[in-house]
Every structure is written in C-alpha cells, then in structure tokens.
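Before any comments, here is the structure.
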Amino acid sequence: MQYSPPPLFKQGASARAKVVFFSILAIFLLVVDSRLNTLIFARQILGTLLYPVQVVAVMPRDAVSRISSYFTSTIALEKENAQLKLQQTLNAEALQQNGLLSTENAHLRKMLDIREKLTVKSILGEIIYDARDSTTRKIILDRGSQHGVALSQPVIDDLGVVGQVTRVFLL
C-alpha cells in the first residue's frame, strides 16, 4: 500500500520559489506599467470598484475621529466659556470703577471750578486746504511762523499724532 497525503497537504513548488516568482512578476509589471502606461485603465476600473469598500473600511476611523474632536472641542469651549465669564466679571468691575471715578472727577472739577489744562504749549490751528495726493497726505493750516510754528514740530488732533510740520510760512 502506498501512502499518499491528502490533497490539502500536497506540496507544489517550495515557498521560496513562489516568493521569487511573484517578486519577479511584480517587478516586471511595475516596469511595464511605468514604461508603457498600460495599466491606467485597469487601475481606474479597480479604483472605481473598490471605492465603496474603502469608504466602509474608513468609517470606524472617521467615527472615532469625529467623536474625539467633539469631546475635545466641548472641553475647549467649556474652558473658554469659564475664562470669558471671569474676564466679563473683571471688565464689569473695572467699568463700574471707571464710571465712579469719572463721576467723582467731574463733581470735583465742578466744585473747584477748575478747567483741564494742557501740560505743553500748543497752538490751535484750522485746516485751510487738504491736498489729495495719492502718495502723501498734506494739509495746509492757518498758522505760521508768526504764531510760533517751527519746522519738525508734531501736528496732533484729538486722536493723536497726524504728522509733522515740513514747511513754515509767515501767515
């Protein structure tokens, strides 16, 4: 009686021979595809067919990512909300104190009949003409050297520095 293994355990080519064969086949297909672009159509069809499978495969990852970002954003919003409430409390306190100080200041000025004084010498002027130049902004004032205006003096308005004196006329 001859012993023969069942068909499941029959051995064909060795595992090493299979690896070498399929490696050479893969390299050959890569070279042919890169030189001749023969597999573009097959790749497009395979990609179209496998797209639903890819979508289903990444659903768990996307769900975990969305849940994670939801809880992360919720925690960040709670922290920001707490910070904003604290800032609102501090701002309300500062606003109330500022209002009280302004009221007290106005009351004291009225009581003492004191006007607000400037700490530096200033000359009040009026704009006669505003030159509309696209590269520079020039204004002509109704004050000159006879009023004490000199070169390089700052020109200010109620909001701050506007520029500086570049020319002085007698006026």
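The values are calculated or read from the model by the stated rules, or taken from the named source; none is laboratory data. Everything numeric in this text was worked out from a predicted model, so none of it was measured. Neighbour counts run over all protein chains shown; Cβ positions are idealised from the backbone, glycine included.
Of note:
- Annotation: of all residues in the stretch 100-123 being among the charged types (D, E, K, R) and modelled with pLDDT under 75, the one that is surrounded by the most Cβ atoms within 10 Å (Cβ to Cβ) is R109.
- Within the stretch 138-171, considering residues that are more than 15 Å from I128 (Cβ to Cβ) and assigned to a loop (DSSP other than H, G, I, E, B), the one farthest from the chain's Cα centre (by Cα): G148
- Restricting attention to the stretch 126-158, the residues being modelled with pLDDT of 85 or more and of a type in the set (D, E, K, R) number 2.
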